[in-house]
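**Q** First, the structure itself, so that you have it in front of you.
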């Protein structure tokens, strides 16, 4: 092949490959006209933050694929995002064996929030897609600096063994 034809053919092949791959990636991102997802603000209390996250995860793919997980990431504290982000890594983490059962759960019950200074704890009981009862603890922190000052954000979430009745009554 001539020195002219080879680069042109290579360029055409690359363009064809990009055209084939682009729709695949476009399907993963939110549509341009998608509704805005809930965002943190200083008016939201810890229980409301947990409720927003739980509701979003219950309908994870509404209004676009993984919108519930993205909402959850929106309410993660900056320190939490350092350990779990970026969003693509967070999606993989949430879909994994520990947290994946939270996605598209059927029902939820939240405990009263326990406040201690600028920290909050909320226990959540979920009924998963397979009717399995699951328990998770959410620790939130009232942000003291940066872009999120005065906002309650999730610092950690972890699964629990079935707590006793006295714990669920909190």
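Since every read-out is calculated from the coordinates, none of them should be taken as a lab result. None of the values given here were measured: they were computed from a predicted structure. Glycine gets a Cβ as well: all are built from the backbone with ideal geometry, and neighbour counts include every protein chain shown.
**Q** Would any residue of region 142-164 have its amide N under 12 Å from a label point 7 Å out along Cα→Cβ of residue 98? List them or say none.
**A** In region 142-164, the label zone of residue 98 (backbone N under 12 Å from the point 7 Å along Cα→Cβ) covers 156-160.
**Q** Assuming R0 = 35 Å, what is the FRET efficiency of residue 112 and residue 147, from their Cβ-Cβ distance, to the nearest 0.05? Spell out each step's value before the answer.
**A** On the way: r = 29 Å, r/R0 = 0.83.
The calculated FRET efficiency here is 0.75.
**Q** Mind checking the full-extension length gain between residue 61 and residue 119? Use 0.36 nm per residue of separation minus the Cα-Cα distance, one decimal, nm. Write out the running numbers ahead of the final one.
**A** On the way: separation 58, 0.36 × 58 = 20.88 nm, distance 3.03 nm.
Here the answer is 17.9 nm.
**Q** Pull out the extension gain between residue 87 and residue 45, defined as 0.36 nm times the separation in residues minus the alpha carbon to alpha carbon distance; nm, one decimal. Display every interim value, and only then the final one.
**A** Values: separation 42, 0.36 × 42 = 15.12 nm, distance 2.39 nm.
Once the chain is fully extended between residue 87 and residue 45, it gains 12.7 nm.
**Q** Which of rounded, prolate or oblate describes region 46-168 when judged by the alpha-carbon gyration tensor and an a/c cut-off of 1.5? Intermediate results must be reported in sequence, preceding the final value.
**A** Values: a/c = 1.81, a/b = 1.10, b/c = 1.65.
It is oblate, given that a/c is not under 1.5 and a/b is not larger than b/c.
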